1. How large is the convex hull of the Cα atoms of the stretch 540-677 per residue, expressed in Å³ as a whole number?
2. Between residue 161 and residue 231, how high is the FRET efficiency from 1/(1 + (r/R0)^6) when r is the Cβ-Cβ distance and R₀ = 22 Å? Nearest 0.05.
3. For residue 481 and residue 654, what does the FRET efficiency come to when R0 = 60 Å and r is the distance between their Cβ atoms, rounded to the nearest 0.05?
4. Return the long-range amide H neighbours of residue 508 (sequence gap of 5 or more, or a different chain), with a cut-off of under 5 Å between placed amide H atoms.
5. How long are the semi-axes of the equivalent ellipsoid of the stretch 219-359, defined as square roots of 5 times the Cα gyration tensor eigenvalues? Whole Å, largest first.
6. How much length is gained if the chain between residue 434 and residue 377 is pulled fully straight, taking 0.36 nm per residue apart and subtracting their Cα-Cα distance, in nm to one decimal?
7. Taking the beta-carbon count within 10 Å as an exposure proxy, list 416, 580 from fewest neighbours to most.
8. For the stretch 275-423, state what percent of all Cα-Cα pairs lands in each successive 10 Å bin, counting from 0 Å until the bin that includes the largest distance.
Amino acid sequence: MDSNNKRDNQSPKTEEKSHLKREKTKKRDLSAVSADINEKYADIFEKIDFDSDYDDILSEYEETIERRAQASIDKARGKENPEQADFSKTKNEANVQDEEIQDTAAQQDAFAILLFIEELGLHVGEFFKKLWNGPKRFFYKASKFIASVSRIIWLLICKLSAKLFSKFSKQAKALTKDIKSIKKYFGMARADRKNTFIKLWEYTKKGLKRHKAILRTVGNIALPVLAIVAFIFTVNYWSSVTFALKVNYNDKEIGYIADETVYNEAQAAAKERMDTGRNGEESKFEEPTYELALVSLNELVDSNVLCDRIIENSSSNVTNACGIYIDDEFICAIKNETDATSVFHQILEPYEKKIKDDNSFVDFVEKVEYVQGLYSEDEETMWDASKLVEKLSQTKESAVKYIVKDGDTIYDIALKNDVSVDELLALNPGKDKSLFPGDEIIISNEVNYVRVKLMKTETRKVEIDYETEKENNPSMFKGTKRTVREGKPGEEIVTELVTYVDGQRVSAQEISRERTKEPVSAKVQVGSKPTTVSGGGYNVSVSGQGFVWPAPACTYISSYFGWRTLRGRSDFHTGIDLTKPGGNSDGAVIVASLDGTVESVRRGSGGYGHNIVINHGGGLKTRYAHCMPGSMSVSVGQHVRAGQAIARVGHSGNVTGPHLHFEIIINGQCVNPLPYIR
Ligand SMILES: [Zn+2]
């Protein structure tokens with residue numbers, strides 16, 4: 001505040017004098033505060049523009065403030081130091097000396113406290129400055145400006161409060177003195193009873209005039225504070241107060257409600273309670289009248305309470321009982337609540353006994369409620385427990401059946417009756433496979449008045465499919481396969497939470513699954529040997545049994561295996577004859593049908609003519625007959641691969657034309673080769 005302070009430490013002063021001077025300084029501060037601030041901060045305000053760095057201005061400013069605050073604290077503690085002396089001197093020293101000085105230790109302390117607050121404010125300011133550091137990166141200059149202005153405003157407030165406090169404490173002292181004198185004055189007034197009031201008025205007038213300043217100060221502070229307190233009380237009061245409707249029924253006030261729907265709900269509930277079981281005989285309800293009222297929120301009643309009050313005021317024939325509601329529908333009232341609940345407990349009991357674990361439970365599918373309240377004593381609705389048991393043993397809905405018509409499918413029936421196909425098949429197992437006109441289909445089962453839902457855990461075994469591993473076998477033709485190892489399925493134990501409604505399983509939810517047996521995968525070899533033999537200029541075809549068609553170009557079967565008539569004679573044909581379809585077969589390639597070893601290569605003019613026999617092992621042999629002379633390219637003992645060329649088609653031996661006569665011999669017996677090679 002006083003950057004113009006002159007350092008004047010050399011001149012020695014007595015303790016008393018320096019004390020007075022400090023007080024004078026303060027006085028000047030307080031009286032000339034606004035002018036001083038304007039003068040002091042004019043340059044700061046001038047300096048504030050968006051291009052300057054306020055740190056310099058502020059640090060200079062803060063230094064002064066901190067020094068002064070420390071000095072004031074030290075002074076309050078009774079210390080003397082040069083800083084303190086610095087603080088106590090001003091350029092206006094001379095003027096100050098003329099003023100009346102009232103100095104007390106209390107006032108000194110009060111001033112020190114104020115300066116301490118001032119310092120505290122600076123620390124708060126520092127804290128907010130730190131808080132600003134994040135956004136400051138983005139709003140650097142703006143935030144600096146705001147920080148500077150905030151600090152100046154804070155200091156202004158401090159100074160003004162210091163002024164106010166000082167004035168107040170001085171005047172408060174004068175007031176205290178005057179109040180003390182009241183005692184004396186009252187004594188005087190008592191002595192002169194006649195003029196008591198005149199004197200009191202005189203005194204009050206005088207007092208008001210004398211302490212005008214302090215009363216104004218009190219007014220300036222106390223009135224806003226009182227206004228705030230009053231405001232808070234008002235808000236608190238009104239927030240718990242609401243506009244409500246006061247319901248008058250039968251000329252009686254029966255409660256406050258939030259709006260008319262509460263009454264309508266309550267009357268509907270009352271009507272249901274009173275009219276159930278009375279065969280259309282309807283209760284008469286008075287029309288309610290409403291008045292707008294302002295009440296506390298906790299005075300409002302709900303429809304349940306209002307329902308009881310309506311019944312209470314409608315009929316004398318009512319009593320306190322326990323109402324039974326199933327799915328919100330009023331069934332009856334039972335005088336004793338324990339009787340009512342035990343009826344329902346008895347239904348659940350046999351199921352509860354079956355429960356063994358914590359995951360299982362039993363309850364009703366329907367919402368069963370017990371509502372304590374006023375109910376008509378009419379015997380149609382006020383039941384004893386045995387009547388309730390009887391009612392609950394009845395069915396709510398009877399079974400629905402459908403007679404199948406000509407052309408109906410199970411899907412048509414499901415669609416017509418608005419049930420799912422799954423539901424329908426659960427009720428009528430096997431009906432998706434056989435359905436005849438006139439058949440009776442169950443659409444829905446009968447439904448008990450209350451249904452019991454039982455949820456319990458169950459375990460079951462399930463089979464786990466095995467996988468098939470495939471591996472290539474280059475010695476097998478493409479398209480052929482051989483099982484090396486049979487697969488075996490695994491096993492798992494599944495635990496499920498199963499829901500039953502009246503004993504019928506309706507759903508299941510899996511809880512856990514434990515593998516008890518690992519599956520064994522199957523191993524299959526798949527042929528990868530190409531069916532095209534390179535260099536031979538022909539493609540071989542391989543049968544499912546792995547036999548190669550022995551003459552790739554001769555796809556026509558001119559004579560089958562078995563009995564036939566040849567040249568007017570019955571004759572058993574021991575193989576099949578293969579020719580080129582529509583063309584001369586002479587010279588067509590003959591290949592080995594399977595891998596094997598050449599057993600015989602014979603040349604002859606009768607019977608088979610030129611022919612080759614290959615032994616495949618295991619009692620299996622193949623014969624290739626009527627070969628073209630000179631075409632046989634293999635020799636006895638030679639190993640041949642399936643599809644390998646061994647000779648060419650000719651017409652040697654007993655033939656009518658060129659063809660390949662092919663035989664399969666198993667353990668010395670000729671068999672029909674077709675099933676093997678085709
Ligand atoms: Zn033949």
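1. Convex hull volume per residue, Cα atoms: 98 Å³.
2. 0.45
3. E(calc), rounded to 0.05, equals 0.90.
4. Distant-sequence amide H within range of residue 508: 499.
5. Calculated on Cα positions only, the semi-axes equal 44, 26, 11 Å.
6. Here the answer is 14.8 nm.
7. With the sparsest Cβ surroundings first, the list reads 416, 580.
8. It works out to 8, 26, 23, 20, 15, 7, 1, 0, in whole percents.
Every number in this text was worked out from the coordinates using simple rules, so none of it is lab data. Values in this document were obtained by computation on a predicted structure and should not be read as measured data. Glycine also receives a Cβ, built like all others from the backbone with ideal geometry; neighbour counts cover every protein chain displayed.
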